[in-house]
Every structure is written in C-alpha cells, then in structure tokens.
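One structure below.
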Amino acid sequence: MATYEDLPPSMIKRLAKELKNLDKSLPKGISVGINDDDFSVSEADIEVPAVTANENNVSRMKQLLSRDFRRPPLKGRSPDQESIGSETKRSSVSSGSRSHNRKEFLSRFVDSQTLTARLEDWFELISENSGQKKSAFDVPFELIELQKFDYALEGVSFQQLVRMPSAVYASTSDAVEATAYLAIEDFLHASVKGLWEAFWSQDDPMPFSVACLYNENLKFYQAEKAIGNGKLGGLCATGVLLNNPRHPHGKWDHILELALLRPDIGSVAAGSDRQLSLSVLGEALFYAIRMLLSRSLSRLNFSESPNCAYVLLVDSQHGGVVKVEGDVDKLEFDVNNVYNCSVDWIKKHCKVTVSPVDRIWNKLGNANWGDIGALQVLFATFHCIVQYSGMPKHSIEDLAADHGPRLLTRRVARQLGDSRVNGHGLFRFQQRSVSPEIVEVPDESIKIKSEELIMKLDVGSVLWLEDSECQKGYQINDVLHNNELRYYIASPVNDPGKSLYLYVGSHPSQLEPAWEDMNLWYQVQRQTKILAIMRQKGLSSKYLPQLSASGRIVHPGQCRKPSSGGNCDHPWCGTPILVTSPVGETVVDMVNAGRFGLDEAIRCCHDCVSALSMASSADIRHGDIRPENIICVVSGGRHPYFVLVGWGHAILEDRDRPAMNLHFSSTYALQEGKLCSASDAESLVYVLYFACGGALPDLDSVEGALQWRENSWSRRLIQKKLGELSTVLKAFADYVDSLCGTPYPIDYDIWLRRLRRNIHDGDHGKQVDTSG
C-alpha cells in the first residue's frame, strides 16, 4: 500500500489544489492503492479517515484520484482486469510481476535466426501435411473480399511514386538495395495516405508515418537518413507507425505493419510450384510476435483486437502478406527459455496464413495499383489502420456499392432503341441477339463512278497549282495511303531539297455520289479552311501543321471555263490542292516497324498535348486523333518531335461533327456525335495504348466499341498497359478517365510540365520547346 507521501510531487500539487477547494485543511493519512501494471486507481483503493474529511469530500477525492490516474480501458480485456478493486489490491503484486516478466521476455526475444532454427520440425510437419496443396498455409483473404475491396477502390487515386525499384537493373549492389528501401518507403506511404483519405478523412491529417527498422538497436529511421548515416547494411524492415513526436525513433506498440525486403520471394510468385522458405517465414513470425508482445504491454486503446499482426514480404517486383493471429496471454513467459516458449505458442495457439506472392511492381518499377498483388498488400494495410483508428467513415461496402450503379448508369445511357436514330442522325441502330447493331442498307442506285475520275499521280510527275497570287509547281517524290485515301510527298520545283505533303481533293461535282470523295473533301477543302483559320488567329507551334499553299490544279490543255465562273468540261478543272509542312513518319508506321518505345510515347504525348493546348486557345478541337494523324518529324541533328496532322474534322462550332472511329474516337463522340472537353485527350490515350502494345479488338459496331471502352476503363486495362512503360502516362490516363463526359476542361499546362520532366534529352539543362 502506497501512502500519500509516496506520490510524485506534481501529483501532490494537483491534489492539494483541488482538495483545498473542497476542504480548508488537507487530509492526512490518505492511502492510495497503485497497480504496478498500469498505475490506475479506483475508488475502492482510496482510504480516508472519517475524522479528516466529510462524506462529500471523500466522494470528491475518490473522483479526483480516479480521474487523474486511471487510463482508458483497453478493449479486449475482461471487466475483472479493468476493475482495480479490493481483489486487484490483493493481486497487484502478481500483476506487476507478470508485466515485468513480459517486458523481460520481450527484451530477450531479439534473434530471428534462433527462432527460425527451432521452427524446422514444425515447418516440415506442416509441409508434409499439406500434401498436393500448392501452399501449406491458408490465405488471409478470400477472393470475394478482394473483389469487393477492388470495387471500393475504383474511385481512389493513389499518389504516383517517384522512387521505384527496377528489376531491369536488379543486382546485389548497395545502390540497388538503397533504392529498394526508398521505393518501399514511398509505396507504403502512398498506400496509407490513399486509404486514409478514401475511407477515413480527406480533411484530417494522416496520423501515420513510414520509416525503416535498424537491426542493431531495433529503432526506426527515415530511409534517406539511415542510408546517409551508413546504416544501410543494418536495415531489416520498413514499418508503418503511428505519429509520435515524443518518440522520433518509434515505439514497437505503435507499429501498424512491417514490410521485409527479401530478394528471394520472387521465386515463389504465383504460378510457381515452390513454397515460401522457412528462413523468410521464420523472420516474418519473429517480427509478428514482437509486435504482438509490444501491444500486450501498451497503453494504447485499440479499436479492434490487437492479437493480429501483418507482415509484408516484398522484393523489387513482387509482394505477399503473412498474417499472424493469436492471444499472447496464452504464451508462457519463461524469460530463460524465450524461443522454445515462442515455438510452443506458435504450434498451439497461433494461426498463420500466407497470401500468394504476386506482382506489385512491373519490370520498369511502376506500381500496379489495380493488380491482385498490390490489392492484397492494400487490404492488409486497411485492416492495420482499422486496428488503430477504428472503423472508417466510409465502409468498403458503401464504396463498393457505387460500382453497380456506375455500371448501370453507363449502360442505361448507352442503351439504344430498336429503331431509334440518335440525336444527330448519324447512325441507325437495331437491337438483335446475333447480328450487328449497325444495319447496312444496300442501295443499288449508289454508283461510285469517281474511281476513274480521281486524279492519280505517279512518282516523278509534276503538278501545278494556281492560287490567288501565282502558279507553283510540285514534283511528286512518293505516294502514300491513309485509310485508302491517297496523298503525296512532293518538293517545290524551285526548291527540290524541301519535302511537303500534297493532298489532291475531289472535283466538286463528285462530292454527292461517293463517300470516298466526302473523305477527300474533309482531307483537303475542310482542312484548308481550318489551317487558314489557325494562321489568321496567329496559332504557331512546331507541333501543328503549317499551311504552305492551297489553290486549284492547273490541268493540261486550254481551260475553257465560262466567264461567269465555274469550271470547264475537263475532269480535273477546279480540283482543289492543299500543301502542308512538315513531313514525317506516322505513328502507325513506327509501331509496325518496332520503332515506338518509352521515349517516343512520352514525347508523343507531350507534343500532342501541346498541339491540343494551342488549338484549344482558339476554341478549335481536333476530332479525329488516330495513329495515322500523328507524325514523327526528324529535323537535322535535333531531337525528333511529333506533329498532330489531319485537322479536316476539327470542331469550330456546335454543329460540326467529329470523325467516327470505332477504336480511337472518344466515348462521348460515339454516344452523342460530338465532343466534350476531354474527348481529344481520350482519343490520344487510345492511340498511346495502341502504340505501347495494347491489344485492339475487332469491332463492327458502335455498341461493341462502347462496351470495349467500358470494360477497359472499369478494369483499368489501359492504365495498367501504359503503367508498364511510364508512371506519368498512367497518371495521364487516370486524369483523362476522371474527366471523360464531364464539362470540366483539361488542364494542359500542368501535364505539359509533368511530361516535360520525363523527356530525356541528350543536352541536359535545355527545356523542351512547347511554343514552336
């Protein structure tokens, strides 16, 4: 029994101040029962002589003492443990002894290799009992749980990682190991931050931090500081911890989860017949037991049972989860035999589950947030946060429930009636069980006679053009085709070393009967109008085509057009000509030749975004972005750059309609027959997906094209494919996906800056020119 004089001075001062307000004289002979385990005080522990204080004062003093010294009860403990009554007084010595033994046990439990060696028999027995099963252990998460969690994360945007481990350059060097620890620290921070903001609060600061564990003193340090101080060789794990300024090096009972960097776990990745080795599993069990023991000594108020610990296993590509669950109160705390006691507890009172080891990072080091490997790690992290912060404001079920309505809304929006013509009269649809939705109506009256009238020039031919000022001659150097439309590379007669694109349109009289001639009209007459408007508005960029010349062909023989205007009877009279610069190789040709890689993808995205940004400043949108309409220009010794061409379908006003392409048109264009603010960027994402090796299905209907887009975006196939090459391209796709179909404009400037930072030029220090 501790007396009044045994209390700390600060406590005496606080008691005296309160008690003086109740009674003018400080009572003597107060005795307080103190539990050595948690230093809590209950009313039954307070003994006050009746002669020194009245009944009210006694009650008040009991309240004061109980309020000042009692900590909140820890969930999971029985009422008998929380009540420090007369029974607690009798058992306070034994309780304190148990706490002391537990602390001593933990202080001696420091060698993972010893524990692993003593687990050999247990591990062999479990492996033998597993028989033909792929894994000797059950999995911690059911597939249906992960699927629901995946649905809940559909709208969650995780922070893009800067430092990533790359298996391409994997080795045993210190530099690579340092990069891996930095990358894991970033990955865990992004995971916790994304989950906290999605499920708990976007406004409240995240109460967690990430640091690396140093083996020699079992303290935590930021990875950069530890590496800078020469502690790289002693780093053994990375942990997610509660923020605590009073303990900058962390406390073990504040650890949410630990991640162990083990280069050999890739050998047991999904699809492999090999199982997790005892050395890796034993180390995971060692750290899990330390975490559980520390929590049993903690004063923290756990919202969920603290008898469960998660340990992550990661390398430069893969990751898995080990879940250890058990009541450490059933562990025999023999301080002289800590490892055998721990082994007995694992055998008798512990449940160990191990997830499949799956890919988290791709070969270039980018995190695949939507893959099952990362999903397992995120789900474990979610449960760890629940243990310390309680159930989230937004449950998994609430967020996952939005998945169904989102799909239903999109399907209803795209559901087309049996014979309904869409709002702009572009297509007629029919709902059939087998046949395509677009019904082709044969019309024998349509005769395409323009084949023999369309001008076809050969290499070496010279064509003369007449504009408002003079006549200009061009020699044909090459004949090209774009979706069955022919165009040419030509050189001015007076400047043979210069290359230009030359487009020959259809004779005005041929526009009605032939759809091909309408395409020629867009390619020549309408594109001439668009480029002329760009010139008038002062749009100048090397990423936009330049109008070199336009006019009508000068046909052979004498022109007998009437004085009142019009054309003569020569089939070429009045045929429009368009000449543009520069000349380059189309993206589709680069892809077919295998010359489109990471650098080209990022530069292509940057240059096209720059072109769209410049055009949007004059309220012009492209409307027909596809691989054939993007060219790569090589100019002397300078770095190649991309130019967005094919502006014939550009949108100037609401009545204009974009081109329809089942693979590359935006979702809004296919649905509504017009563009939203993000439509051109969405088409650019499809082009990049194709150019980076993404598979394009065979499509024969608008409905099929819309279904493919819905599946690709909902399953994040496009983001995953782009993420295999570049994080910034994946982030751009995520950004575009968030704006598709909305009125919100694209923020071109911020993406130009981000893309520019990822372009690797030979001469460092020079920025990419975005103005041309």
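The values are calculated or read from the model by the stated rules, or taken from the named source; none is laboratory data. In this text the structure is predicted, and so the values were computed from the model without any measurement. Because the Cβ atoms are built from the backbone with ideal geometry, glycine has one as well, and the counts that use them run over all protein chains shown. Just the protein is used for accessible areas: all its heavy atoms, side chains included, with ligands, DNA and RNA removed. Shrake-Rupley method; radii C 1.70, N 1.55, O 1.52, S 1.80 Å.
Please go through the range 738-753 and pick out each residue that is of a type outside the set (Phe, Trp, Tyr) and either farther than 16 Å from Cys608 by Cβ or open to solvent by 30 Å² or more (accessible area, probe 1.4 Å) (or both). Let's see the steps before the verdict.
Quick first cut of the range 738-753, residues of a type outside the set (Phe, Trp, Tyr) only: 738-743, 745-747, 749-750, 752-753.
Passing the criteria: Ser738, Leu739, Cys740, Gly741, Thr742, Pro743, Pro745, Asp747, Asp749, Ile750, Arg753.
Might you check whether a residue that is among the polar types (S, T, N, Q), crowded, with 19+ Cβ neighbours inside 10 Å, in the same structural domain as Glu325 (by the TED database) and at pLDDT 80 or above occurs anywhere in the range 184-196? Before the answer, list the steps.
If we filter the range 184-196 for residues that are among the polar types (S, T, N, Q), which is where we start, we get 191.
Narrowing further to those that are crowded, with 19+ Cβ neighbours inside 10 Å: 191.
From what's left, in the same structural domain as Glu325 (by the TED database): 191.
So of that shortlist, the ones also at pLDDT 80 or above come out as 191.
Within the range 184-196, one or more residues are among the polar types (S, T, N, Q), crowded, with 19+ Cβ neighbours inside 10 Å, in the same structural domain as Glu325 (by the TED database) and at pLDDT 80 or above.
On the basis of being open to solvent by 40 Å² or more (accessible area, probe 1.4 Å), acidic (Asp, Glu), assigned to a helix (DSSP H, G or I) and at pLDDT 90 or above, does Glu710 make the cut? Answer is no for this residue. On the basis of being open to solvent by less than 20 Å² (accessible area, probe 1.4 Å) and within 23 Å of Ser157 (Cα to Cα), does Val702 make the cut? Against the criterion (open to solvent by less than 20 Å² (accessible area, probe 1.4 Å) and within 23 Å of Ser157 (Cα to Cα)), Val702 does not qualify. In the range 640-656, is there at least one residue being buried (at least 22 other Cβ atoms within 10 Å of the Cβ), more than 28 Å from the chain's Cα centre (by Cα) and part of a helix (DSSP H, G or I)? Checked against the condition, which is being buried (at least 22 other Cβ atoms within 10 Å of the Cβ), more than 28 Å from the chain's Cα centre (by Cα) and part of a helix (DSSP H, G or I), the range 640-656 yields no hits at all.
Across the range 359-380, what is the total count of residues that are modelled with pLDDT of 80 or more and either part of a helix (DSSP H, G or I) or open to solvent by less than 10 Å² (accessible area, probe 1.4 Å) (or both)? Of the residues in the range 359-380, 10 are modelled with pLDDT of 80 or more and either part of a helix (DSSP H, G or I) or open to solvent by less than 10 Å² (accessible area, probe 1.4 Å) (or both).
Of all residues being touching a helix residue (DSSP H, G or I) at 6+ places or on another chain (Cβ under 6 Å) and crowded, with 21+ Cβ neighbours inside 10 Å in the range 577-600, which is nearest to Ser499 (Cα to Cα)? Just the residue, please. Ranking the qualifying residues of the range 577-600, first place goes to Leu578. When you scan the range 232-239, do you find a residue that is polar (S, T, N, Q), surrounded by fewer than 16 Cβ atoms within 10 Å (Cβ to Cβ) and modelled with pLDDT of 80 or more, even just one? No, the conditions are met nowhere in the range 232-239.
Residue under question is Tyr686, and the condition is that it be assigned to a helix (DSSP H, G or I) and closer than 29 Å to Gly594 by Cβ; does it hold? Talk me through it step by step, then tell me what you get.
Working: assigned to a helix (DSSP H, G or I): yes; closer than 29 Å to Gly594 by Cβ: yes.
Yes; evaluated as a whole, the condition is true for this residue.
For the range 673-683, the criterion of a residue being in contact with a Phe, Trp or Tyr (Cβ under 6 Å, 6 or more places away or on another chain), polar (S, T, N, Q) and farther than 30 Å from Arg638 by Cβ is satisfied by at least one position. Pro207 fulfils the conditions (1) under 22 Å from Pro356 (Cα atoms); (2) open to solvent by 30 Å² or more (accessible area, probe 1.4 Å) except for a single criterion, (1). Residues that are among the aliphatic types (A, V, I, L, M), crowded, with 16+ Cβ neighbours inside 10 Å and modelled with pLDDT of 90 or more within the range 505-532 comprise Val524, Ile530, Leu531, listed in sequence order.
Any chance you could count how many residues in the range 102-159 are in a helix (DSSP H, G or I) and either open to solvent by 50 Å² or more (accessible area, probe 1.4 Å) or over 30 Å from Glu397 (Cβ atoms) (or both)? First the steps, then the outcome.
To start, the set of residues in the range 102-159 that are in a helix (DSSP H, G or I) comprises 102-108, 112-117, 120-130, 143-152.
Next, only the ones that are either open to solvent by 50 Å² or more (accessible area, probe 1.4 Å) or over 30 Å from Glu397 (Cβ atoms) (or both) stay: 102-108, 112-117, 120-130, 143-145, 147-148, 150-151.
Adding up the residues that qualify gives 31.
If the condition is being assigned to a helix (DSSP H, G or I) and touching a Gly at 6+ places or on another chain (Cβ under 9 Å), then the range 657-681 contributes Thr667, Tyr668, Ala669, Gln671, Glu672, Ser679, Asp680. On the basis of being assigned to a strand (DSSP E or B), β-branched (Val, Ile, Thr), in contact with a helix residue (DSSP H, G or I) (Cβ under 7 Å, 6 or more places away or on another chain) and more than 27 Å from Lys103 (Cβ to Cβ), does Val311 make the cut? In short, no.
Per the conditions (1) without any contact (Cβ under 8 Å) to a residue 12 or more places away in the chain; (2) buried (at least 22 other Cβ atoms within 10 Å of the Cβ), the sole criterion not satisfied by Ala669 is (1).
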